[in-house]
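Below: one structure, written as structure tokens.
The values are calculated or read from the model by the stated rules, or taken from the named source; none is laboratory data. This is a predicted model, so every value here is computed, not measured. Cβ placement follows ideal geometry from the backbone for every residue including glycine, while neighbour counts extend to all protein chains displayed. When the accessible area is computed, the model is the full protein with side chains, heavy atoms only, and any ligands, DNA or RNA have been set aside. Shrake-Rupley method; radii C 1.70, N 1.55, O 1.52, S 1.80 Å.
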Number of protein chains: 2
Amino acid sequence: MATTRAFRIVVASHGDLARAMLDSAVMICGPVADAVAVDLQPEQSPEAYGQALRSAMGDDGRPVLILTDLLGGTPHNVASLICLESRGTVLSIVCVSGTNLGMLLEAATSMESLDADSIAGLEAAGRASIVDVMPRVDRSSV
Amino acid sequence: MATTRAFRIVVASHGDLARAMLDSAVMICGPVADAVAVDLQPEQSPEAYGQALRSAMGDDGRPVLILTDLLGGTPHNVASLICLESRGTVLSIVCVSGTNLGMLLEAATSMESLDADSIAGLEAAGRASIVDVMPRVDRSSV
């Protein structure tokens with residue numbers, strides 16, 4: 001997929017989840033440009049993980065969306081710290097937790113800039129993709 | 001983690017996402033009993049995938065929660081069909097899409113039965129885990 005996306009994507013997770021989620025997105029919509037997975041391995045320190053995240057963000061000043069696996073987990077906490085540290089700098093970093101495949105696809109195919117509206121849209125897409133199938137097909141008849 | 005969970009868990013996804021998500025859950029909370037990942041590979045037919053899902057569900061009549069990666073994707077569609085086909089049988093199958101790690105952890109550590117309340121709680125946990133960190137730390141000052 002050729003992209004004119006206005007921001008980079010970094011997917012951050014425990015273990016190989018980020019890599020696998022990005023691979024699944026590619027399986028569905030083709031190559032996803034400017035998107036990198038940063039997996040936290042069990043032996044990796046938060047400091048080393050933070051360095052890996054920063055390296056993955058690039059250095060051309062382009063906005064970065066960090067999608068993390070779990071609120072309160074180490075990948076999210078380290079990414080949040082990087083967000084905090086970017087305050088007052090020219091680098092725009094957004095960090096959203098609870099990533100599911102629908103959110104990643106929404107971000108990967110986004111043509112919008114990384115602003116409050118598009119972030120809200122991304123969160124809404126993630127939440128809307130959480131659906132129990134049975135009420136749609138009449139759970140009461142089960 | 002020893003479990004007295006009242007239901008089995010099957011995680012269903014494109015590619016290796018289900019396996020990786022389950023591995024990440026284990027990395028966080030230790031062994032997750034009665035939980036199986038069923039990954040759809042690019043060359044796999046929906047029929048073969050359905051067979052793999054059914055095999056993963058066990059045959060002891062215990063309720064099954066299928067957590068899928070993406071609403072409308074093949075894993076979810078095949079799982080939904082299996083849910084539909086279970087109507088009128090004694091086997092209770094629930095299928096929820098849009099799985100993120102928070103949802104999987106919530107399900108893995110659940111001590112509840114698989115009923116409407118617990119399913120709603122699971123969906124709520126998944127939605128609540130989708131959080132943009134910056135509004136919490138004052139995006140207006142960025």
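General observations
- Among residues of segment B:4-15 that are modelled with pLDDT of 95 or more and part of a strand (DSSP E or B), those with a Cβ under 6 angstrom from a residue that is open to solvent by 10 Å² or more (accessible area, probe 1.4 Å) and of a type in the set (K, R), sequence gap 6+ or separate chain, pair up as B:R8/B:R62.
- When B:V26, B:V38 are checked against the criterion of being crowded, with 18+ Cβ neighbours inside 10 Å, of a type in the set (V, I, T) and either over 30 Å from A:E43 (Cα atoms) or within 15 Å of the chain's Cα centre (by Cα) (or both), B:V38 stands alone in meeting it.
- Of the criteria (1) out of contact with any strand residue (DSSP E or B) (no Cβ under 7 Å at 6 or more places or on another chain); (2) modelled with pLDDT of 95 or more; (3) closer than 14 Å to B:D34 by Cα; (4) not in a helix (DSSP H, G or I), which one B:G61 fails: (2)
- You will find that of B:A18, B:A33, the residue that is under 22 Å from A:H14 (Cβ atoms) and surrounded by fewer than 18 Cβ atoms within 10 Å (Cβ to Cβ) is B:A33 and no other.
- The condition of being part of a loop (DSSP other than H, G, I, E, B), more than 14 Å from the chain's Cα centre (by Cα), more than 19 Å from A:H14 (Cβ to Cβ) and within 14 Å of chain B (Cβ to nearest Cβ) holds for A:G88.
The rows are residues; the columns are (1) more than 11 Å from chain A (Cβ to nearest Cβ); (2) in contact with a Leu (Cβ under 9 Å, 6 or more places away or on another chain).
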{"position": "B:E43", "(1), (2)": "yes, no"}
{"position": "B:A52", "(1), (2)": "yes, yes"}
{"position": "B:L71", "(1), (2)": "no, no"}
{"position": "B:T74", "(1), (2)": "no, yes"}
{"position": "B:L81", "(1), (2)": "no, no"}
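- If you filter segment B:94-121 down to residues that are open to solvent by 10 Å² or more (accessible area, probe 1.4 Å) and at the interface with chain A (Cβ under 9 Å from one of its Cβ atoms), you find that the one that is modelled with the lowest pLDDT is B:A116.
- Pairs meeting the criteria (first residue in segment B:66-84 and touching a residue at least 60 places away in the same chain (Cβ under 8 Å), second residue open to solvent by 50 Å² or more (accessible area, probe 1.4 Å), beta carbons under 6 Å, at least 6 apart or on different chains) are B:T74/B:P46; B:V78/B:P46.
- All told, B:R54 meets the bar of being out of contact with any Lys or Arg (no Cβ under 9 Å at 6 or more places or on another chain) and surrounded by fewer than 18 Cβ atoms within 10 Å (Cβ to Cβ).
- Of the residues in segment B:39-46, at least one is assigned to a helix (DSSP H, G or I) and in contact with a strand residue (DSSP E or B) (Cβ under 9 Å, 6 or more places away or on another chain).
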